[in-house]
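Please find one structure pasted underneath; my questions will follow.
What follows draws every value from the coordinates through simple rules; no lab data is involved. In this text the structure is predicted, and so the values were computed from the model without any measurement. Quick reminder, even Gly has a Cβ in these numbers, built from the backbone with ideal geometry, and neighbours come from all protein chains shown.
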Amino acid sequence: MPLFAVLRRVTLPVKGRGTLLNRLLKTGVPVACACSGRGACGRCTVSVLEGAPALSPPDAHERDVLGKSGASADARLACRCRVVDAAALIRLTTGYW
């Protein structure tokens, strides 16, 4: 799957299955998370730079958490979204740095 994380101007391919959080962590990309991926803390927020339509749509809980935090329109919770279009290019960056 062509999923890439952009860190300090370096682009890394992300492999694996599951949520974005699981895939990023398995690849070695640092993502903050204080709630073990339950979508409660909002710390795993990522900015989707390209390919947002290839991700699962945000559910009501994700929209609520992002809305309360004042996140930007391109923000997603890595623990709540999955890749739904394996052929699409997705580029994102984490707020960890």
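If you take the beta carbon distance between Ala32 and Asp85 as r and set R0 to 30 Å, what does 1/(1 + (r/R0)^6) give as a FRET efficiency, to the nearest 0.05?
With R0 = 30 Å, the Cβ-Cβ based efficiency is 0.70.
May I ask you to give the average projected area over all directions of the convex hull of the Cα atoms of the range 3-94, in nm² rounded to one decimal?
Mean orientational projected area (the range 3-94, Cα hull): 5.3 nm².
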